[in-house]
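Before any comments, here is the structure.
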Amino acid sequence: MIPPIKISLAKFFLLLLTSSLWSCRLHTGGEAKVTSPAIDATSTALAPVSEKALRMSYIGNMGVLFESDTSTLLIDGLHEFYRPTYAFPDPATVAQLIEGNYLGFSSLEAVLFTHPHRDHFSATYSRDFLQQNPSGMLLGPPQVVEEVKAATAEELGVGLQAVGYDGGVAHFLQAQISIKGVRCEHVNPNRHSAIQNIAYLIDLAGHSILHIGDTNWEQVSPAFEALGLPEKKVDVAVLPYWMLLSDDSAQLIKQWIAPRQLVATHLPPDYRVADQEALRKRFPGVVPLVEIGERFDYHGQ
Ligand SMILES: [Zn+2]
């Protein structure tokens, strides 16, 4: 069930004011937004985009592909069918990502996972990525790394690395990508306390990206403080949509993150258009990711 959005009129107008900063940064629509699946390489001519822009594509559930200046990063994008309520990329799309043929993007330098749940992570696809990209990096919490190792008897190289789960910030450098990861408890700890979830703050060719996996406001404070929020600038924040639904979510987003671009993920494939519109009303400029293959660009300042 989608929790209903409750908001007072006064708060609504406050939201309109506070979130207007985000609304003008995004350039969707026109030629840059391609909603056809990426697997059809013959039907789509992409508009030329500045090398310095941050280009993004929706891969499924919380999976987002980022590229700027030929540095390419995928977060929570390699996973298979788990349950009908979770969108996932088809095998052809996964093959393109792993082989570096995804339309409009170059080969992946880094693949990150927030946690090992099946709507975010596949050990088999992770193994395939590492085997086909010997210089690629693959990061996740220790539980992810253990599962990837268990998926093959072969040596997977130095690209497979765990983000420690002791509360300290782990820092990785790969190509032009700086990646900081830290423990950030999974939402609903009564049920998922055993699951290791990582929040990432990434600098990709000068663009800062926050992706926090499956968590919630009750869990994020230690991770956000460790990552230097709210002082650190965040260009693009990728949040699970439930973190946008509570009465105080606008205030919390402004207080902790103040992103220039807000992206709502983990939306069920049948998330109603009316609910998407409600999100857009609360957060003008928000990008709710629904259609797999959808692309958009962030041009920043
Ligand atoms: Zn999860």
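Quick rundown of the values:
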read-out: Single match in 195, 257, 179 (criterion: crowded, with 22+ Cβ neighbours inside 10 Å and hydrophobic (A, V, I, L, M, F, W, C)); value: 179
read-out: Unmet requirement for residue 214, which otherwise passes all of (1) surrounded by 16 or more Cβ atoms within 10 Å (Cβ to Cβ); (2) closer than 30 Å to residue 162 by Cβ; (3) among the charged types (D, E, K, R); (4) over 17 Å from the mean Cα position of the chain (by Cα); value: (4)
read-out: Output for region 73-117, where each listed residue is over 16 Å from residue 57 (Cα atoms) and either crowded, with 24+ Cβ neighbours inside 10 Å or touching a Cys at 6+ places or on another chain (Cβ under 7 Å) (or both); value: 113, 114
read-out: Residues being more than 13 Å from the ligand (Cβ to nearest atom) and either in a loop (DSSP other than H, G, I, E, B) or in contact (Cβ under 8 Å) with a residue 60 or more places away in the chain (or both) - total across region 212-223; value: 0
read-out: Leading residue by the ranking (surrounded by the most Cβ atoms within 10 Å (Cβ to Cβ)) among those in region 37-66 that are modelled with pLDDT under 50 and farther than 26 Å from residue 122 by Cα; value: 44
read-out: Test: residue in region 98-111 that is part of a helix (DSSP H, G or I) and more than 14 Å from the ligand (Cβ to nearest atom); value: yes
read-out: Single residue of 148, 169, 144, 220 found to be aliphatic (A, V, I, L, M), in contact with a Ser or Thr (Cβ under 6 Å, 6 or more places away or on another chain) and on the phi < 0 side of the Ramachandran plot; value: 148
read-out: Residue in region 260-281 that is of a type in the set (Ser, Thr, Tyr), under 21 Å from residue 75 (Cβ atoms) and part of a loop (DSSP other than H, G, I, E, B) present; value: yes
read-out: Failed criterion for residue 235 (all others in (1) buried (at least 18 other Cβ atoms within 10 Å of the Cβ); (2) more than 19 Å from the chain's Cα centre (by Cα); (3) not hydrophobic (A, V, I, L, M, F, W, C) hold); value: (2)
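The values are calculated or read from the model by the stated rules, or taken from the named source; none is laboratory data. This one's a predicted model, so the numbers in the text were calculated from it and none came from an experiment. Every residue, glycine as well, gets a Cβ built from its backbone with ideal geometry; the counts of neighbours run over all protein chains shown.
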